[in-house]
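The values are calculated or read from the model by the stated rules, or taken from the named source; none is laboratory data. Given the structure is predicted, the values throughout are model-derived calculations rather than measurements. Every residue, glycine as well, gets a Cβ built from its backbone with ideal geometry; the counts of neighbours run over all protein chains shown. Please note that ligands, DNA and RNA were not included when accessible areas were found on the heavy atoms of the full protein model with its side chains. Shrake-Rupley method; radii C 1.70, N 1.55, O 1.52, S 1.80 Å.
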Amino acid sequence: MELLKKIESKQATLGVIGLGYVGLPLAVEFARAGFPVVGYDVDAHKVAELMAGRSYIPDVSSEHLAEVVKNGKFKATTDAKALAAADIIDICVPTPLRKTKDPDMTYVVQAVDAVAAVLRKGQLIILESTTYPGTTVEVVQPVLAAKGFTPGVDFYLAFSPERVDPGNPHYQTKNIPKVVGGINEDSTKAAVAFYEQVMDKVVPVSSPSVAEMVKLLENTFRAVNIGLVNELALMCHRMGLDVWEVIDAAKTKPFGFMPFYPGPGLGGHCIPIDPFYLSWKARQYNFEARFIELAGSVNGAMPEFVVQRIIDALNSKKKSLNGSRVHIIGVAYKRDVNDLRESPALEVLELLAHRGAIVSYTDPYVAAFKHASLDLQHVDEAIAHKGIDCGVIITDHKVFDYAAMIDRFPLLVDTRNALKGVTGPKIFRL
Ligand code: SAJ
């Protein structure tokens, strides 16, 4: 296989479509390994930043990026035709949900059309975007085959789920095992050989659909287990038990248990979304994925429960929510990240504003944001408590001074156990 020789000699040119938190680390890793890499993105600002050696992805250092831009190994462009030079094309575009909770394949289809325009014999095409089982074979393959090439023979095709965990200090591109499934043996062989140039461990599976399902199991596992502990939190609240104490004691079990923690809801661009790609596809097989739907409704109800706890707290001071000043501490979707996507803080803020509360927030990672009727700026932590009736810890960033909060705020609702069990009449927890 000509392509194998090119891969093993690092002569193969890699094309990456989508230079976000998945595509950019991949592109820079392969460029640093010595492969010529063409990165294609529709966002001209992103391309300009990259060509200036400035990384907008925290996990990719500008120093490493500048190095491969300077030595010519990495080139970013908005011109999809540049992909014609690529022997391997890796598609790393977003797969969001529509409002109707149906998969939105717009970006994947646009990327596949760009590949089809430059498809030639001997190329390896890999889809990495998280999607429902069947996408590679049912959506990608036919568009490429329509160019008159025989899939698996004239060109190779595989799926390999992205497992990027933004900000994870221990696991980055090289040391996260890479699952890959090709449409036939040669496709799998080519994809394995490609990833083995950079990744420590590559895990071949028998088809793209298996690889697609692997990713959905991984993230559905999280969504369902988070739903389980959120339901347990509601139960413990009703029974007067401390769910945090229960979980901390349960996690002493050295086998067969993995701690998950209650929270204000499910945020991010993966966990709240990926499982609905699976339940959507299951319905086409007349199968109702009940755990996914149930976890979705339990997790989706958490913002409302948080608002109820805020009402409880204000009530303890004979204050109504309407007209009270409520301050959200941490708005990003999870600790120590700057990403607001699907953050439960947004829904809590909307619910509060809708009920007449005067809302504000502190989050050093988020300078300002607009969302629905909200248009807010970050308030510095040192003065955040001034004139506030109730503080609410939604995202437990490590940088916060929790001890000071306990003194400063007249009331505190803690949705993350950030106050580590400190109790008192002014502290309300999930
Ligand atoms: N959350 C809880 N309780 C938990 C864990 C998470 O409420 O016990 C909430 C978080 O606050 C957040 C949401 O769920 O709002 C998602 O959190 P996450 O820890 O799953 O973080 P993500 O969304 O960054 O998930 C990514 C995923 N990585 C990929 O999809 C490649 C996931 O597979 C990783 O397992 C996860 O990071 C991780 O372990 O950090």
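Touching a Pro at 6+ places or on another chain (Cβ under 8 Å), at pLDDT 95 or above and over 28 Å from THR131 (Cβ atoms): which single residue out of LYS73, LYS5 fits that description?
When all the criteria are applied, what remains is LYS73.
Please go through (1) modelled with pLDDT of 95 or more; (2) open to solvent by 10 Å² or more (accessible area, probe 1.4 Å); (3) within 20 Å of the chain's Cα centre (by Cα); (4) of a type outside the set (Val, Ile, Thr) for LEU127 and return the number of the only condition it doesn't satisfy.
That leaves (2) as the condition not met.
Tally time: how many residues in the range 220-267 are within 9 Å of the ligand (Cβ to nearest atom), part of a loop (DSSP other than H, G, I, E, B) and open to solvent by 80 Å² or more (accessible area, probe 1.4 Å)?
1
Of all residues in the range 376-430 being assigned to a loop (DSSP other than H, G, I, E, B), within 29 Å of LEU234 (Cβ to Cβ) and small (Gly, Ala, Ser), which is farthest from the ligand (Cβ to nearest atom)?
Result: GLY424.
Quick check on this structure: which one of MET199, MET213 is closer than 20 Å to VAL164 by Cα and outside any helix (DSSP H, G or I)?
MET199 is the lone residue from the list that is closer than 20 Å to VAL164 by Cα and outside any helix (DSSP H, G or I).
Kindly list the number of the only condition in (1) hydroxyl-bearing (Ser, Thr, Tyr); (2) away from the ligand (no atom under 16 Å from the Cβ); (3) in contact (Cβ under 8 Å) with a residue 24 or more places away in the chain that fails for SER373.
For SER373, the exception is condition (3).
Among the residues of the range 163-183, write down those that are over 26 Å from MET1 (Cα atoms) and within 12 Å of the ligand (Cβ to nearest atom).
Hits for the range 163-183 are ARG163, VAL164, ASP165, PRO166, GLY167, ASN168, PRO169, HIS170, TYR171, GLN172, THR173, ILE176.
Is the range 311-327 home to any residue that is within 16 Å of the ligand (Cβ to nearest atom) and either in a helix (DSSP H, G or I) or open to solvent by 20 Å² or more (accessible area, probe 1.4 Å) (or both)?
Checked the range 311-327: no residue is within 16 Å of the ligand (Cβ to nearest atom) and either in a helix (DSSP H, G or I) or open to solvent by 20 Å² or more (accessible area, probe 1.4 Å) (or both).
Taking into account only those residues within the range 31-42 that are open to solvent by 20 Å² or more (accessible area, probe 1.4 Å) and touching an Asp or Glu at 6+ places or on another chain (Cβ under 9 Å), which is nearest to VAL112 (Cα to Cα)?
Filtering the range 31-42 for residues that are open to solvent by 20 Å² or more (accessible area, probe 1.4 Å) and touching an Asp or Glu at 6+ places or on another chain (Cβ under 9 Å), the one nearest to VAL112 (Cα to Cα) comes out as TYR40.
Please enumerate the residues belonging to the range 409-427 that are farther than 20 Å from ALA332 by Cα and buried (at least 21 other Cβ atoms within 10 Å of the Cβ).
PHE409, LEU411 - these are the residues of the range 409-427 that are farther than 20 Å from ALA332 by Cα and buried (at least 21 other Cβ atoms within 10 Å of the Cβ).
Could you list all residues from the range 268-277 that are within 8 Å of the ligand (Cβ to nearest atom) and open to solvent by 10 Å² or more (accessible area, probe 1.4 Å)?
HIS269, CYS270, ILE271, PRO272, listed by residue number.
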